[in-house]
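J.: Attaching a single structure in structure tokens format; questions to follow.
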Amino acid sequence: MFPKGTGHTMFEITVKSEVLRNVFSILTPITGEIKLVADKDGWRVRAVDPAHVAMVDLELSYGAFEDYNVEPLELGLNVERLLDHLKSAKADEEIMMKLDQDNRMIVSMSNLTLKFPLVDSSGFSDPKVPNLSLPVSLKLNSAELQKGLKASQSISDYLTFNCTEDKLVITSTEDLSSMTLELKKGSEYIEEKFEGTAKSSFSLDYFSQLMKGVGTNRDIMLHIGNSYPLKIEFEFSDGLGKVRYLLAPRIESA
Amino acid sequence: MIELPKGLHKRISEALKIWDIEDLYPPQKEAFPIIASGKNMVVCVPTASGKSLIAYVAMLNKVLRGGKALYIVPLRALASEKYSELKALRRMGLRIALSYGDYDSEDANLERNDIVIATSEKADSLLRNRAGWLSRLGVIVADEVHLMNDAGRGPTLEVILTRFKQLEHPPQIVCLSATVGNADEVSAWLDAKLVDSDFRPVKLVEGVLEGNIVTDPNLTTRNIPIVTGDPIMDLILETVEKDNAQVLTFVNTRKGCETAAAKAALTVHRLIDKKDRERLKDVIMKLGSGESRMLKRLRSALEGGCAFHHAGLSNEQRGLVEEAFRSKAIRALYATPTLAAGINLPARRVVVRDWTRYETYNPRSPIPVLEVKQMLGRAGRPRYDKEGEGLVLARDPDEARELLERYIWGKNESIFSKLGSMPALRTHLLSSFSTGHVMDRKGMWEFISSTFYAHQNDTWKLEGDVEETLLFLEEEGFIYTEGEKIFATDMGKRVARLYIDPLSAVVLKNALMMPPDEITAFSVLQVISSTTDVPSLYLKAKDHDTLSKFLEGRHDQLMMDVPEDQVDMEWFLSSVKTAMFFMEWIGENGSEASEERMEELFNMGPGDIRSRVEKALWMLYAMRELSRLLNTGFSSYIDMISLRVEHGIREELIPLVKLKGIGRIRARKLFQAGYRSLDSINRATIDEIAKVGGIGRTLAASIKSAAGPDMSMMEEDPEPEIDPQSSLADF
């Protein structure tokens, strides 16, 4: 919650529309409303979806902003709505965001100004980030995954990742149909860590949502375990923004 | 590529692609421009003719522009079916939600969704609890609008539509309906454009089956080879052998379904090949090892490639039968007519075996044309069949002639508003006062005159009943008047939000004001069983003695006076019988009754038990809330009874059923094995717990780790499957 009563807290930033768009489109696959924690070093957002299946942890350094004038505070924002408004802005257009006397957010871009109340963030929980140690870490381009994602959508509700020594096989099976995507070490991905085979299944719906946030052509680090959450890490805006997505697995009972 | 009319959002073509739609049916082509125009619309087309797509496109057209949509369906089963179709739209970044569950709860995340699917009862309660959200809707779709004709649920739907119609900025209203005689009247009421079509993607030939002769509407006849001499049996044999297809037969009683299916299995048996036999065996295995008569019959029917489908089966069992029928492992399915109103389960041939049914005013009352046509309309599987055949069975040539006239050539009935009934009036008037929708007599009459009832009748006919209702509501303390103004009291508002008949609230309220010497499970269960919202069990002649004996010595537990009057006494006794039913279920007489025992005692399958339990839970909740409001101090006792009814258990099992995956049966086994608390489970090892019958290692591990405080979620099934989706909180 932002402090109430004695005046209002300073929050005034200017930033390229592209950066904001990046931030919001990374968050919206998880949730429509977020609690933004801002201080002198930059922004941080942690959010989970209502079912606690997917989580995002995003950091954006103050260096990504054109102008940054912020006292420590927490803001509830409807990012879905903001993202909608940003669609009309050009990539390098400067956006100004400012908190006014009545704790309303003012967003201005070129000749357009929007004002809206903050979302009450008091009810937002601070998600606990699980401490994961995953045996496999791979570096690859998200385009490699998008291919399989598209193909599996008509097949099943979930995807299985199976990583052995020299390849990562992603499958989606139901009844008689199946999709198999084989990625080879050295050609489609670079191995960063391999401490033993890893196999986990994930909801296709959720995974597709995350991939929407990742985008179609981005270098990512993929971490997999055995019936353990999946972790995707990547950077944006020249490394000034860092993202971590976590996705809980499906665990079939014996 | 489908060309969309001007004014429809461009991204709708994306959705059509997701659903693999390559071509539009004529009614769809007719409806799309109306959707684009933003006008209200009533769509009357036969089942399985692409009605749903019209609804989906109407919703997309608004939500893609940032509006919200509400989809109202009559049954939960339908809500789930629509949900699974609409879920695919998540890929387009849309949020879809199913809203059912407690009527007075406020789903916290509701307004985050673009499309909300709800039953009409839930939608009505949303109107009472969440008027704000509903006023932001861009479109509402009401499915199966012809059910406005239904005395029980029709008024609710009618009131919802009226409310929306009356909004200052009303949303677009799209109504889907089966073919009815007065579609024009419905569309005139809603100021809507009418799309009325008899188009079907699969041709339907209707007819009458008499002896081995099938007569079509043009009086052309065809003979079925006589093998057994039983017309339906011979039709099934012909369909299976010659066409390699399936038959769906509608029978009006559950028992009739069961016997017919078991009998048919003896003949169909020899036509089942090895592969299907394996699949059927698999279904039988998944049905579990229950020993109830119903399950035994279902198993023996399945062994011969036949099955039955009715509300006595649990959701899970019904799901298994539906799946096996869709995969064609089941060749002949016998179902009660509820199937025709609900899920989509088409077959090459459909037979309506019984065209009359029991009604109190006429034990052989003919089923309305509308309903028979809906059953016949299930014939013909899109994409598989060129043609479907829907037949009504006649016992002799005279009857054949009569049935041709009544059903095959006959016109569908018109539908009529049922809002004029007293229960509908008191429920919906109270709700209008409590939401502030209506604040005085003038507003009340404005509301009444916007209804379909008023469109069809003169409102002065209602004056007497309305006055009587107002008097009742005021006397019972639900409303108060100041001159022309009318307000709901706090009690009245609570009752409206609880979504119960005000008359039930009066029963609960009076009982709470008359505390018994000793409150027991019986006290509470008898009270809720005497409300109109919990259907009582049918009283048989021989029950009188049993019940009187049961009541002896229990009088000081009662929370109401035993009536003197003969008719009231009947009503009272059946509430006692219903209470006994719940008492068996929660093991009040020693141990929790098994499903087999419940069937033996009360002739009820798991599906019946579930639906009664859900109604009882709702009434218990209402009683608890009223108890709080009246400060009677029974709240925690009622809560405890409610938990017991929910799970069907004695008090000592309450801590155990809070564990996910543990229902009444496993809880009892754990208890018997000495695990009497969460603590004792925590102290045991996984292997020790896994030794208890019916609990494998996976479950043992999951219950051991589930030590969190909040596990009391309502589960649909008594022994829920574990959701394979884990949560990040587990790691």
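The values are calculated or read from the model by the stated rules, or taken from the named source; none is laboratory data. What you are looking at is a predicted structure, and each value in this text was computed from that prediction instead of being measured. All Cβ positions, even for glycine, are placed from backbone atoms using ideal geometry, and neighbour counts span all protein chains on display. Side chains are part of the model used for accessible areas, which takes the heavy atoms of the whole protein and leaves out ligands, DNA and RNA. Shrake-Rupley method; radii C 1.70, N 1.55, O 1.52, S 1.80 Å.
J.: How would you rank B:296-308, A:215-227, B:178-190, A:103-115, highest first, on the average number of other Cβ atoms within 10 Å across their residues?
T.: Numbers: B:296-308: 23.8, A:215-227: 17.0, B:178-190: 19.7, A:103-115: 13.8.
Averaged packing, sorted descending, gives the order B:296-308, B:178-190, A:215-227, A:103-115.
J.: Can you list the lysines whose alpha carbon sits under 18 Å from that of B:Lys6, skipping same-chain ones fewer than 8 residues off?
T.: The qualifying lysines are B:Lys29, B:Lys39, B:Lys62, B:Lys193.
J.: Ignoring ligands, DNA and RNA, please state the percent of accessible area on the range A:11-117 from carbon and sulfur, probe 1.4 Å. Can you show the working numbers first?
T.: Values: 2020 of 4600 Å².
On the range A:11-117, the fraction of accessible area on carbon and sulfur atoms equals 44 percent.
J.: Related question: Of the heavy-atom accessible surface of the range A:136-247 (probe 1.4 angstrom), what whole percent is carbon and sulfur?
T.: That share works out to 44 percent.
J.: How large is the accessible surface per residue of chain B, computed with a 1.4 Å probe and reported in Å² as a whole number?
T.: With all protein chains present, chain B gives 43 Å² per residue.
J.: Past 20 Å, Cα to Cα: identify those pairs from A:Lys35/A:Lys242; B:Lys68/B:Lys442; B:Lys263/B:Lys296, in the order given. Let's see the in-between values first.
T.: Details: A:Lys35/A:Lys242 17 Å; B:Lys68/B:Lys442 31 Å; B:Lys263/B:Lys296 13 Å.
Over 20 Å apart, Cα to Cα: B:Lys68/B:Lys442.
J.: Over 19 Å, how big is the tail of the calculated P(r) for the range A:101-154, in percent of all Cα pairs?
T.: Value for the range A:101-154 (Cα pairs over 19 Å): 69 percent.
J.: Taking the Cα centroid of the range B:244-273 and of the range A:160-192, what is the distance between the two, rounded to the nearest whole Å?
T.: Here the answer is 46 Å between Cα centres.
J.: Return the whole-Å distance between the Cα centroid of the range A:193-229 and the Cα centroid of the range A:124-152.
T.: 3 Å
J.: I would also like to ask the following. Please average, across the residues of A:149-159, the number of beta carbons from any other chain that are within 10 Å of each residue's own beta carbon, and give a whole number.
T.: On the way: counts 0, 0, 0, 0, 3, 3, 0, 0, 3, 2, 0.
What the average comes to for A:149-159 is 1.
J.: If you look at just the Cα atoms of the range B:363-499, how large are its Rg and its Dmax in Å?
T.: When restricted to Cα atoms, the range B:363-499 yields Rg and Dmax of 22.9, 67 Å.
J.: Could the peptides B:444-451, B:529-536 be put in order, highest first, of the mean number of other beta-carbon atoms found within 10 Å of their residues?
T.: Top of the packing list down: B:529-536, B:444-451.
J.: What order, most packed first, do the peptides A:158-170, B:462-474 have when packing is the mean number of other Cβ atoms within 10 Å of each residue? Before the final figure, lay out the partial values.
T.: Working: A:158-170: 18.5, B:462-474: 15.9.
Averaged packing, sorted descending, gives the order A:158-170, B:462-474.
J.: Quick check for me: using +1 on Lys/Arg Cβ and -1 on Asp/Glu Cβ, what's the dipole size of the protein assembly as shown about its Cα centre, in debye to the nearest 20?
T.: 2220 debye
J.: About the Cα centre of the range A:11-117, what is the dipole size in debye to 20, counting +1 per Lys and Arg Cβ and -1 per Asp and Glu Cβ, all else neutral?
T.: 240 debye
J.: Can you pull the mean other chain C-beta count within 10 Å for peptide A:42-55?
T.: Mean partner shielding for this stretch: 2.
J.: Say the dipole of the protein assembly as shown comes from +1 at the beta carbon of Lys and Arg and -1 at that of Asp and Glu; which of B:Pro155, B:Gly380, A:Pro135 then lies farthest toward its positive end?
T.: Most positive-ward Cα: A:Pro135.
J.: Across the residues of B:87-93, average count of Cβ atoms on other protein chains within 10 Å? Could the numbers behind the result be given before it?
T.: On the way: counts 2, 3, 0, 4, 6, 0, 5.
Partner-chain Cβ atoms within 10 Å, mean over residues of B:87-93: 3.
J.: How much of the DSSP beta bridge set in the protein assembly as shown is antiparallel, as a percent to the nearest 5? If you can, show how the numbers build up before the last one.
T.: Numbers: 99 of 151 bridges.
Bridges in the protein assembly as shown that DSSP calls antiparallel: roughly 65 percent.
J.: Before I look further, what does the range A:204-254 give for accessible area per residue, probe 1.4 Å, in whole square angstrom? Walk me through the intermediate numbers first.
T.: Details: 2070 Å² over 51 residues.
Here the per-residue accessible area is 41 Å².
J.: Using Cα pairs under 8 angstrom and six or more residues apart, how large is the relative contact order of the range A:11-117, in percent?
T.: About 33 percent, as a whole number.
J.: Also, quick follow-up: Calculate what fraction, in whole %, of the accessible area of the range B:265-410 sits on carbon and sulfur atoms when a 1.4 Å probe is rolled over the protein chains.
T.: 50 percent
J.: Moving on to the next point. Write down, largest first, the equivalent ellipsoid semi-axes of chain B in whole Å, where each equals the square root of 5 times an eigenvalue of the alpha-carbon gyration tensor.
T.: In descending order the semi-axes read 39, 36, 28 Å.
J.: What do you get when you divide the Cα radius of gyration of the range B:525-632 by 2.2 N^0.38 Å, with N the number of residues?
T.: 1.09
J.: Now, a different point. For the interface of B with A, what's the total buried accessible surface in square angstrom, probe 1.4 angstrom, rounded to the nearest hundred?
T.: About 1900 Å² of accessible surface is lost on pairing.
J.: On to the next question. Cut-off under 16 Å on the C-alpha distance; same-chain residues fewer than 8 positions from B:Lys165 excluded. Which aspartates and glutamates are left, in chain and number order?
T.: Output for B:Lys165: B:Asp124, B:Glu185, B:Asp191, B:Glu446.
J.: Let a ≥ b ≥ c be the square roots of the eigenvalues of the Cα gyration tensor of the range B:144-193; is it rounded (a/c under 1.5), or, if not, prolate (a/b larger than b/c) or oblate?
T.: It comes out oblate by the Cα gyration axes.
J.: Please work out the Cα center distance from the range B:434-492 to the range B:503-535, rounded to the nearest Å.
T.: Between the Cα centres of the range B:434-492 and the range B:503-535 lies a distance of 27 Å.
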